[in-house]
Every structure is written in C-alpha cells, then in structure tokens.
1. Being surrounded by fewer than 20 Cβ atoms within 10 Å (Cβ to Cβ) and touching a strand residue (DSSP E or B) at 6+ places or on another chain (Cβ under 6 Å) is the filter here; which residues of segment 43-61 pass it?
2. Please identify the pairs in which a residue from segment 20-31 that is assigned to a helix (DSSP H, G or I) has its Cβ atom under 8 Å from the Cβ atom of a residue that is modelled with pLDDT under 80, counting only partners at least 6 apart or on another chain.
3. Which residue, of L29, L64, L40, is at pLDDT below 80 and either buried (at least 17 other Cβ atoms within 10 Å of the Cβ) or among the acidic types (D, E) (or both)?
4. Please work out if R143 is of a type outside the set (A, V, I, L, M), modelled with pLDDT under 95 and buried (at least 19 other Cβ atoms within 10 Å of the Cβ).
5. Quick one: would you say G51 is at pLDDT below 80 and among the small types (G, A, S)?
6. Which residues, counting only those in segment 146-162, are over 15 Å from the mean Cα position of the chain (by Cα), among the small types (G, A, S) and crowded, with 16+ Cβ neighbours inside 10 Å?
7. Go through segment 32-51 and count every residue that is under 11 Å from F16 (Cα atoms) and outside any helix (DSSP H, G or I).
Amino acid sequence: MTDSATQAGTSDHGWFVAQQGTPHGPTTLALLSQHAVAGLLRRGSLVWRPGMTQWVRADSVAELAAVFASLPPDPPGAGAPPVQPGPVTGSAGVSQQDDLAMRMILPVGRCPWAIAAGYLGLLSVLLLPAPFALACGIIATIRIRKTPGLHGMGRAIFGIVMGGLGTAFGVVALIGAALG
C-alpha cells in the first residue's frame, strides 16, 4: 500500500471514484464501504481524495481493504461497477430517473399505465375514453405501489379523477337520454 493511500485512508469525507475515466464524488468512505459490500465498488476501482498524489486501487486503502477481505474475489471478467457509487454533486452523475426536471420532461422511470391514464384523462371530456382512463389509472396506481422507484402517481390519480367524472357524466347522460 502506498503512503498516500494510508494517509488519505484516515479521513471519511471527500472521496472520489473514477468510472469510465470520469471522477465522481465527493462521497464518504462509509458509503464506499457499503457499495463495496453491494458489489458496486470493485477491488480494482480507482479512488482518490484530496491530499493523495495519485489515484489508487480501492483495495489499497486500508479501510476498504478490510471490507474487501471479507468478500469473495471479483468474478472473472468483471468490468466496471454497474452504477456509480455515492452521491455526486452537480448534474453530471445524476441519472435521468433520479433527476426531477428530466422526469417532468420525459417519461423516464414512469409507469406506462400512468402515462396512458393521463392522456386518456385529458380526452375523457369526450366521454368515450373516460372508462379507459379510470381503468388505466387504477392499474397504474397498483403497479406504482408495488414497484419502488416507479413514478407517475400524479398522472394515475388524474386519470382516475377525470375518468371517474367522465364516466359518471356519461352514465347520467345515457340515463337522461333513455328517459327523456
């Protein structure tokens, strides 16, 4: 282990991880340890913190080496970790699914049933799509509750409300037409 890795391993804050040639961070040593246990940080991943002269392998940092010692070896052919470890400042490391502004523009991470419920809810003033908006909204609500991280509850509720109102108005109109 290098002296810079030993010296820098004593602090918990300000760590960066290189992923596909780009530094991501800062993050904490505790979070890096959690990601190592989860398989998101590998032994050969390069880490750095202020005060170090160069990037070092994660398993050369004393605290991380202790974590890696309790884990099985990396599988053969294991490439880069599947996701970047730790919180990242700035927008470069924020995934589209976690970025609220991106979710408002694109249907990233949103339940397809919720998208359908939203559009059908808009068209429910024509009465014919209203029962479909209601059904799609109910299905979307069930799926969103069962799947963590899936978004679109607002659209699903909009579809239920507009679909319910449109369906009720359509039933009243049919009854009025039949009686009158």
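The values are calculated or read from the model by the stated rules, or taken from the named source; none is laboratory data. Nothing here was measured: the structure is a model prediction, and the numbers come from that model. Methodologically, a virtual Cβ is constructed for each residue, glycine included, from the backbone with ideal geometry; neighbour enumeration extends over all protein chains shown.
1. Hits for segment 43-61 are G44, L46, W55.
2. L29/G9; L29/S11; L29/D12; L29/H13; A30/D12; L31/P85; L31/G86; L31/P87
3. Exactly one residue qualifies, and that residue is L40.
4. When the stated conditions are applied, R143 does not pass them.
5. Against the criterion (at pLDDT below 80 and among the small types (G, A, S)), G51 does not qualify.
6. Within segment 146-162, A156, G159 meet the criteria.
7. The total comes to 6.
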